[in-house]
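J.: Take this structure first; my questions come after.
The values are calculated or read from the model by the stated rules, or taken from the named source; none is laboratory data. Quick caveat: nothing in here was measured; it's all calculated off a predicted structure. Don't worry about glycine lacking a Cβ; one is built from the backbone with ideal geometry, like all the others, and counts go over all protein chains shown.
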Amino acid sequence: MYVILMGPQGSGKGTQAARLAPRLGLTLVATGDLFRAAIAAQTDLGRRIKAIYDRGDLVPDEITVGLVEEKLDDIRRERALGEGVAGALFDGFPRTRAQADALDAALAARGERLDRVVQIEVPLETLITRLTGRRVCKRCGTVYNVESNPPRQPGVCDRCGGAVVQRDDDKPGPIKERLDLYFAETAPLLADYRDRGLVEQVDGDQPIERVTEEIARAVERRSAGQKVEG
Ligand SMILES: [Zn+2]
């Protein structure tokens, strides 16, 4: 089973992906993790990614897709060994039309296909409130949120006593820009997936446990439906 989890920054997508992958028996495929792993392993690809990061550029689709394909092959090997891996849960990928097309082709080449796209929906104002609430300790990097996880004493880090500040990136202007870019990029992908009958929407403006339940149900419903058909 191959499932994509989609949602903007602040939707709780990363948290949900980490909770859901073990529950569904799926391998979590998060491109950020793949990049970090390749850099840490100092492979040729890892060195190229590090150079791109150091320049502050975006990793090109060709590299991202290459890493995802390696991961799909790992999953296939694990399945062949009977290791009980049911497929993949994609977090943060695909993000562009080119990536989505490449994913379809990579799955088809392996005799697989996409089963479900779950979109986590959170109202824009809630996203902005969550994201502008982010604070970071200047000394040790501990992350806080003034709404959901404030330091015990405002502006002072619980762990090291350092100054807890709002980064420029977490101010309303830059946040709005990042969200606008995300919606502009992913709208055409979602429209495509919706045409293929793959999209299930889940209300992300609820407690974490509830959101996890709803996503799991959406995925399980789909896999049960497929068993009936085939
Ligand atoms: Zn600190």
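J.: Could you give every pair whose Cβ atoms fall below 6 Å, whose first residue belongs to the range 64-92 and is farther than 14 Å from residue 30 by Cα, and whose second residue is of a type outside the set (Gly, Ala, Ser) and in a helix (DSSP H, G or I), counting only separations of at least 6 or pairs across chains?
T.: Sorted first by the residue in the range 64-92, then by its partner, the pairs are 85/75; 85/78; 85/79.
J.: Name, by its number, the condition in (1) out of contact with any Lys or Arg (no Cβ under 6 Å at 6 or more places or on another chain); (2) more than 16 Å from the ligand (Cβ to nearest atom); (3) over 20 Å from residue 15 (Cβ atoms) that does not hold for residue 137.
T.: The failed condition is (2).
J.: Next question, about the same structure. Pairs under 9 Å by beta carbon, first residue at positive phi in the range 8-25, partner part of a helix (DSSP H, G or I) and basic (Lys, Arg), six or more apart or different chains?
T.: 10/130; 12/130
J.: Inspect all residues belonging to the range 150-160 and state whether any of them is without any contact (Cβ under 8 Å) to a residue 24 or more places away in the chain, among the acidic types (Asp, Glu), within 11 Å of the ligand (Cβ to nearest atom) and closer than 28 Å to residue 206 by Cα.
T.: There is at least one residue in the range 150-160 that is without any contact (Cβ under 8 Å) to a residue 24 or more places away in the chain, among the acidic types (Asp, Glu), within 11 Å of the ligand (Cβ to nearest atom) and closer than 28 Å to residue 206 by Cα.
J.: If you don't mind, there's one more thing I want to ask. With the structure loaded, tell me whether residue 147 is more than 16 Å from the ligand (Cβ to nearest atom), touching a Gly at 6+ places or on another chain (Cβ under 7 Å) and of a type outside the set (A, V, I, L, M, F, W, C) or whether it fails that test.
T.: yes
J.: Further question on the same structure: Kindly list the number of the only condition in (1) part of a loop (DSSP other than H, G, I, E, B); (2) farther than 19 Å from residue 193 by Cβ that fails for residue 11.
T.: Going through (1) part of a loop (DSSP other than H, G, I, E, B); (2) farther than 19 Å from residue 193 by Cβ one by one, residue 11 breaks only (2).
J.: Related question: Kindly list, by first and then second residue, each pair from a residue in the range 104-117 that is without any contact (Cβ under 8 Å) to a residue 12 or more places away in the chain to a residue that is surrounded by 15 or more Cβ atoms within 10 Å (Cβ to Cβ), limited to pairs with Cβ atoms under 8 Å and residues at least 6 apart or on different chains.
T.: Taking only residues 6 or more apart or on different chains, the pairs are 104/114.
J.: Considering each of 146, 117 in turn, give the residue that is in contact with a helix residue (DSSP H, G or I) (Cβ under 9 Å, 6 or more places away or on another chain), surrounded by 21 or more Cβ atoms within 10 Å (Cβ to Cβ) and β-branched (Val, Ile, Thr).
T.: 117
J.: So, residue 111, is that one loosely packed, with under 13 Cβ neighbours inside 10 Å and more than 21 Å from residue 1 (Cα to Cα) or not? So that I can check it myself, show each step before the final result.
T.: Numbers: loosely packed, with under 13 Cβ neighbours inside 10 Å: yes; more than 21 Å from residue 1 (Cα to Cα): no.
It is false that residue 111 is loosely packed, with under 13 Cβ neighbours inside 10 Å and more than 21 Å from residue 1 (Cα to Cα).
J.: Filter the range 55-97 down to the residues that are exposed (fewer than 12 other Cβ atoms within 10 Å of the Cβ) and farther than 27 Å from residue 186 by Cβ and list them by number.
T.: Scanning the range 55-97 gives 77, 80, 81, 82, 83, 84.
Residue-by-condition table, conditions (1) in a strand (DSSP E or B); (2) polar (S, T, N, Q); (3) within 12 Å of the chain's Cα centre (by Cα); (4) more than 30 Å from residue 126 (Cα to Cα):
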| site | (1), (2), (3), (4) |
| --- | --- |
| 15 | no, yes, yes, no |
| 28 | yes, no, yes, no |
| 45 | no, no, no, yes |
| 68 | no, no, no, yes |
| 82 | no, no, no, yes |
| 85 | no, no, no, yes |
| 90 | yes, no, yes, no |
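J.: So which of 122, 211, 164 ends up being crowded, with 16+ Cβ neighbours inside 10 Å, within 16 Å of the ligand (Cβ to nearest atom) and modelled with pLDDT of 95 or more?
T.: Unique residue meeting the criteria: 164.
J.: So, in the range 30-69, exactly how many residues are at pLDDT 90 or above and on the phi > 0 side of the Ramachandran plot?
T.: Residues that pass the stated criteria total 1.
J.: Determine which member of the set 170, 195, 158 is modelled with pLDDT under 95 and of a type outside the set (S, T, N, Q). Even if it seems obvious, please write down each step before you answer.
T.: Values: 195 fails: modelled with pLDDT under 95; 158 fails: modelled with pLDDT under 95.
The match here is 170.
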